[in-house]
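The values are calculated or read from the model by the stated rules, or taken from the named source; none is laboratory data. None of the values given here were measured: they were computed from a predicted structure. Positions of Cβ are generated from backbone atoms using ideal geometry, with glycine treated the same way; all protein chains shown enter the neighbour counts. Accessible surface areas use protein heavy atoms only, side chains included; no ligands, DNA or RNA. Shrake-Rupley method; radii C 1.70, N 1.55, O 1.52, S 1.80 Å.
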Amino acid sequence: MQPEQLDVLRKRVMAVVGHELRTPVTTLRGLAETLHAAGESEIRDEIAPAMARLAARVESLLDDLLVAADLSTVLPVGRPRPASVEHAIRVAWSDLGHDGEPDVRGDVDATAIVPPGSLPRMLSPLLDNAAKYGKAPFEIRIRRAPGEVTIEIESEGPPVSSIDVALAFEPFYRGEQAVTTCAGLGVGLPVSRTLVEQAGGSVTLESRDAGGIVATVRLPGQ
Amino acid sequence: MTAHAGDDPIRVVVVDDEPDVLLLLKLQLRNEGVEVVAVAQDGSDAIRLCHELHPDAVVMDLLMGGVNGFEAIATLQRDLPGTALVAYSAVAGERVRSEMERANVPLVLKSGRPTALVNALREVTGRAAPSGD
């Protein structure tokens, strides 16, 4: 990487870290000082859970940063083996904690040949993006072909700019809509792509003409 | 620190998409003698509450889903020009600074301590700071 590129990356990382960490940290400090001065127990009962939530958020953001600092640490180990795509979608969805159940259609009994335990991690950032920025219910289609399985996650929503689509897999990049609506460091999609490519597949994003986005993951299948 | 006896407290609506920030500001501003008459988590709720409650001032976060702070500030300046505004943001890059300067809205960086925000509220509402502040 050239020095100028490094400088751009450094500034991008610091801007994202500043934006995402400053609010929880300053709020934590304020709550701690208010807690110290609070005489009423009902105020303490309000403050303590808020502090725990904020600390958990900082912890999660720092974990993301550590992952982004060295993506190789998240690469799974073990020989590729068949994994149920539908099961992985449901596991990832459940771990994300979003409401409702995803609408999964098509070849729901298809399997992908991937390193053990990696499929939910590949799909989780794509499902999370659809849930955060798209309109529910979004649609997940599984298609099986000889030697390949394709997973499409399509969500309606506001138009996504070509710049956002082009840069979505760049570490620490956050689209305009993401920056104004949701916390995050912009490392989910880069981690997803690393895992998919390690398994011999590919992942792409395309904006829909009617607004929203389609994420397509192609993986080795049976 | 409390408001002087006999002073009407500054009545404010606080707008932020993060409930924990709203909780903190409610507690801190109350301790400073500022009355938080309502809180809102996005710009459209804030605009509705301002029409209903006619606060002296609004503390407005900028980066929010739905109607964001930039849009809400423009609407309030047009529809309720008597309502004072203070922008309250975690970070302030070039765009945020220039937009707020253009809108003539004071910008306060989020902080664990409320002093800067309270001072800005006093300034935009024309309330003198208590002596010794």
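For chain A, the longest principal axis of the C-alpha atoms and the axis of helix A:3-37 are separated by about 50°. The string of couplings for segment A:104-114 from the Karplus curve (6.51, -1.76, 1.60, θ = phi - 60°) is 9, 10, x, 7, 6, 9, 5, 10, 10, 9, 9 Hz, one whole number per residue in order, with x for Gly and Pro. Packing order of peptides B:54-63, B:22-31, highest average first: B:54-63, B:22-31 (average count of other Cβ atoms within 10 Å over each peptide's residues). Note that the protein assembly as shown presents 50 Å² accessible area per residue, ligands and nucleic acids not counted, probe 1.4 Å. Interface B-A: total buried accessible area of about 1800 Å², 1.4 Å probe, protein heavy atoms only.
Seen against the Cα atoms of chain A and their longest principal axis, helix A:188-198 is set at about 30 degrees. For A:Lys11, list the lysines whose Cα falls under 24 Å from its own Cα; do not include residues on the same chain fewer than 8 positions away. Qualifying lysines at Cα under 24 Å: B:Lys110. Shielding of peptide B:12-23 by partners, expressed as the average count of other chain Cβ atoms within 10 Å per residue Cβ, is 4.
Taken one residue at a time, the phi angles of segment A:200-209 give Karplus couplings (6.51, -1.76, 1.60, θ = phi - 60°) of x, x, 9, 9, 9, 10, 9, 7, 8, 4 Hz. Gly and Pro are set to x. Annotation: amide H-H contacts under 5 Å for A:Val114 (H modelled 1.01 Å from N, sequence separation of 5 or more, or interchain): A:Arg81, A:Ala83.
Computed from backbone phi, the HN-Hα couplings of segment A:80-89 come to x, 8, x, 9, 5, 5, 4, 4, 4, 4 Hz, rounded to whole numbers (Karplus: 6.51 cos²θ - 1.76 cosθ + 1.60, θ = phi - 60°; Gly and Pro given as x).
Between A:Ala145 and A:Thr204, the distance separating the two model label sites (each 7 Å from Cα on the Cα→Cβ line) works out to 1.1 nm. Calculated [222 nm] ellipticity per residue, helices only, for chain A: -17000 deg cm²/dmol; basis is -39500 (n - 2.57) per DSSP H run with n ≥ 4, divided by all residues, nearest 500. Stretching the chain fully between A:Leu35 and A:Ser94 yields a gain of 17.8 nm (0.36 nm per residue, less the alpha carbon separation).
Amide H contacts under 5 Å for A:Val160: A:Arg208, A:Gly212, restricted to partners 5 or more places along the chain or on a different chain, H placed in the peptide plane at 1.01 Å from N. Stokes-Einstein diffusion for the protein assembly as shown at 25 °C, viscosity 0.890 mPa s, with a Kirkwood radius from C-alpha pairs, works out to 109 µm²/s. Taking a point 7 Å out from the Cα of A:Asp107 in the direction of its Cβ, the residues of segment A:150-175 whose backbone N falls within less than 17 Å of it are A:150-153.
Kindly provide log₁₀ I(q)/I(0) values, in the same order as q = 0.19 Å⁻¹, from the Debye equation applied to equal alpha-carbon scatterers of chain B. At q = 0.19 Å⁻¹ the computed log10 ratios are -1.06.
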